[in-house]
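The values are calculated or read from the model by the stated rules, or taken from the named source; none is laboratory data. The structure displayed is predicted, hence computed values, not measured ones. Backbone-built Cβ (ideal geometry, glycine too); neighbour counts: all protein chains shown. Heavy atoms of the whole protein, side chains included, go into the accessibility calculation; ligands, DNA and RNA do not. Shrake-Rupley method; radii C 1.70, N 1.55, O 1.52, S 1.80 Å.
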Amino acid sequence: MAGKKQNRRVLSLDEQHREFKKIGKRLKQLRTDAGYKAALSFAYENGIHPAQYARYEAGSDMKISSLLRVLKAHNITLEEFFK
C-alpha cells in the first residue's frame, strides 16, 4: 500500500510468552469448570495427547489447529474462548 503508513507492532518474546500463559490459564479454567480436576483425564477422554495438553495449559506455543481441536473438545468457539 503505497503512501499509507503501517501501524504494526511486533510482539516481543516476553509479550508473546505472557499471551501464551493467558491462553493456558483460560484452557485450565475451562477444564476445571467442566469438572475435570486433572488435565490428564480431560486429555484422555477427548483424544488429546496428555503431555501435549499439559503443555498447552502451561502456556506453550501451539498451532491454531491444535487450539481449534482443544476448543472443540470443550465445545466452544474461538469467539467464545477469546471473550
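Values computed for the structure shown
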item: Within segment 35-51, considering residues that are in contact with a helix residue (DSSP H, G or I) (Cβ under 7 Å, 6 or more places away or on another chain) and aliphatic (A, V, I, L, M), the one most open to solvent (accessible area, probe 1.4 Å); result: 40
item: Pairs, first touching a residue at least 24 places away in the same chain (Cβ under 8 Å) in segment 9-21, second acidic (Asp, Glu) and open to solvent by 80 Å² or more (accessible area, probe 1.4 Å), C-beta under 6 Å, six or more apart; result: 20/61
item: Residue list for segment 11-48, filter: β-branched (Val, Ile, Thr) and within 18 Å of residue 62 (Cα to Cα); result: 23, 48
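A quick yes/no check of all residues on (1) open to solvent by 50 Å² or more (accessible area, probe 1.4 Å); (2) at pLDDT 95 or above:
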position: 53; (1), (2): no, yes
position: 70; (1), (2): no, yes
position: 77; (1), (2): yes, yes
position: 82; (1), (2): yes, no
